[in-house]
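The values are calculated or read from the model by the stated rules, or taken from the named source; none is laboratory data. Remember, predicted model here, so these are calculated numbers, not experimental data. Because the Cβ atoms are built from the backbone with ideal geometry, glycine has one as well, and the counts that use them run over all protein chains shown.
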Amino acid sequence: MAFCAVAVSASAQGGFTRRTPEERTAQIHAKLDSAFKLDAKTFVALDSSLNTLHRAQDKKMEELMAGGPGSIDRETMMAERKKFSDAKDEILKAVLTAEQYAIWKEKIEPSMRPQRPQGGGGN
């Protein structure tokens, strides 16, 4: 019976697993490559910078969540996420033209965000 409760609980949570820094970098790499065809040397530097940033972000998020769900300060977490987002933007600005960066921000980046289920009230 306890096993069934755990199985139901796990399936209800959707089995979410966070992608690794390398997976997140690869996703950005693929989107940029298909949109802008940057040269290999640029991608090597970009991938290295993004991997370093994503690892630092994961470490910081782990530190913030170390105390468990009740200890998470939402404002602090949002501020840290903003810092990492701004740092990623600076990395991308260094390798993209102004026009490419505008396309990234307006079209490509929004398409990479997880889509939340629509629905709700139905009232």
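Take the conditions surrounded by fewer than 16 Cβ atoms within 10 Å (Cβ to Cβ) and within 18 Å of residue 110 (Cβ to Cβ) and apply them to residue 99. Does it pass? Yes. Every condition in (1) under 15 Å from the mean Cα position of the chain (by Cα); (2) modelled with pLDDT under 90 holds for residue 74 except the one numbered (1). Considering the stretch 41-89, the residues that are within 27 Å of residue 106 (Cβ to Cβ) and in contact with a Pro (Cβ under 7 Å, 6 or more places away or on another chain) include one that is surrounded by the fewest Cβ atoms within 10 Å (Cβ to Cβ), namely 51.
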